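Since the structure comes first, as structure tokens, the remarks are kept for the end.
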Amino acid sequence: MKNPSEQNISRVPNHLAIIMDGNGRWAEQRHLPRIIGHRKGVEVVHSVVDECLALGTRYLTLFAFSSENWGRPHDEVEALMGLLGRFLQKELSSLHKRGIRLNAIGEVSRLPRNIRTILNDIIEQTAGNDSLVLTLALSYGARNEMVRVAQALAAKAVAGELSSEDISETDLVAELDTSGLPDPDFLIRTSGEMRISNFLLWQLAYTELYFTDVLWPDFSVKHLRAAVAEYGRRHRRFGLTAAQLKALEDRSKEWAD
Ligand code: IPE
Ligand code: IPE
Ligand code: MG
């Protein structure tokens, strides 16, 4: 493989989503408590956000805590919540300074009250920023999200605001936690696991997937650049033929001229 710094990044994902996995194994390999891996993992977030700003990626969505992660041992869950609170407190001014808008998806109501308060404060304070939308998936599970979508649509139908046979993809998308965000162009999962683990099941329908063995605490800017370079080599077809896509591209170029 070429040195990543020499890699030619021809196309950058507009929306990058990451399943930040492998913190526990990183710590266990060093005979350290799992929480040390989580702490190290938080440090990586800062550099990944910076690199996204440098690359020109406009949306970054990070899977930080899943609906299923509530089932982990109590002390690990508590330590993760503590880390999240400290991360938010520490990052507040730096996010704002860098023009980043913070957003959250998932069942945020399940988070401890102090975290919800600081999260909502940052979301409010950064609402006018537009260099990057950083979305944290917290207490997020795609199946849970879809159940909530079904509940919202059913409530609208019962209220007479929507007739069930007219429900469209647009109506459904409007009820997703991610409404207002484009679908991810590129998904990175670290730690060698090749699964989605209940992340963005609807939104990932046409996302390019990328799996790396690197554990999240070891994931560096050079790994991110290598992944993005690989994204630039992918050919997305969205169910069409390559010839059809070429014709569409040529037409949009003509319009641009
Ligand atoms: C990802 O790392 C972080 C969270 C799920 C909160 P893990 O804690 O899942 O690390 P591994 O997969 O056990 O190594
Ligand atoms: C997915 O990782 C969730 C996060 C990274 C926050 P998990 O470690 O929870 O997923 P599984 O258990 O390996 O599928
Ligand atoms: Mg894991």
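The values are calculated or read from the model by the stated rules, or taken from the named source; none is laboratory data. Being a predicted model, the structure only gives us computed values, none of them experimental. Cβ: placed from backbone, ideal geometry, glycine included. Neighbour counts: every protein chain shown.
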Verdict on His15 being modelled with pLDDT of 95 or more and within 16 Å of ligand 2 (Cβ to nearest atom): no
Residues satisfying the stated conditions in segment 198-222, i.e. closer than 19 Å to Trp26 by Cα and assigned to a loop (DSSP other than H, G, I, E, B): Thr212, Asp213, Val214, Leu215, Phe219, Ser220
Pair list, Cβ under 8 Å, 6 or more apart: segment 116-140 residue within 18 Å of Leu181 (Cα to Cα), other residue modelled with pLDDT of 95 or more and surrounded by fewer than 15 Cβ atoms within 10 Å (Cβ to Cβ): Asn129/Gly99; Asp130/Gly99; Ser131/Gly99; Leu132/Gly99
So Ser252, is it exposed (fewer than 14 other Cβ atoms within 10 Å of the Cβ), away from ligand 1 (no atom under 16 Å from the Cβ) and under 20 Å from Ser139 (Cα atoms): no
Among residues of segment 198-208, those that are within 13 Å of the chain's Cα centre (by Cα) and surrounded by fewer than 15 Cβ atoms within 10 Å (Cβ to Cβ), counted: 1
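Table: residues versus (1) in contact with a Gly (Cβ under 6 Å, 6 or more places away or on another chain); (2) without any contact (Cβ under 8 Å) to a residue 40 or more places away in the chain; (3) within 14 Å of ligand 3 (Cβ to nearest atom).
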residue	(1), (2), (3)
Trp26	yes, no, yes
Gly41	no, no, yes
Val44	no, no, no
Ser47	no, no, no
Leu60	no, no, no
Glu68	no, no, yes
Condition broken by Arg189, with the remaining ones in (1) within 19 Å of the chain's Cα centre (by Cα); (2) exposed (fewer than 14 other Cβ atoms within 10 Å of the Cβ); (3) not acidic (Asp, Glu) satisfied: (2)
Options Leu181, Leu132: the member that is touching a Gly at 6+ places or on another chain (Cβ under 9 Å) and either within 16 Å of ligand 3 (Cβ to nearest atom) or under 18 Å from Asn14 (Cα atoms) (or both): Leu132
Condition met for Glu43 (within 25 Å of Val228 (Cβ to Cβ), more than 12 Å from ligand 1 (Cβ to nearest atom), among the acidic types (Asp, Glu) and crowded, with 19+ Cβ neighbours inside 10 Å): no
Matching entry among Leu245, Leu201, Leu215, Leu209 (being at pLDDT below 95 and touching a Lys or Arg at 6+ places or on another chain (Cβ under 8 Å)): Leu245
Where Arg225 falls short, out of the listed (1) in a loop (DSSP other than H, G, I, E, B); (2) touching a Pro at 6+ places or on another chain (Cβ under 9 Å); (3) farther than 17 Å from Tyr59 by Cβ: (1)
Pick from segment 215-243, criterion within 16 Å of ligand 3 (Cβ to nearest atom) and within 18 Å of the chain's Cα centre (by Cα), ranking: surrounded by the most Cβ atoms within 10 Å (Cβ to Cβ): Trp216
Near pairs, Cβ below 7 angstrom, 6+ apart or cross-chain, from segment 217-236 (closer than 17 Å to Ile19 by Cα and touching a residue at least 40 places away in the same chain (Cβ under 8 Å)) to any residue that is part of a helix (DSSP H, G or I) and among the hydrophobic types (A, V, I, L, M, F, W, C): Pro217/Trp26; Pro217/Val44; Asp218/Trp26; Phe219/Val44; Leu224/Val48; Val228/Leu55
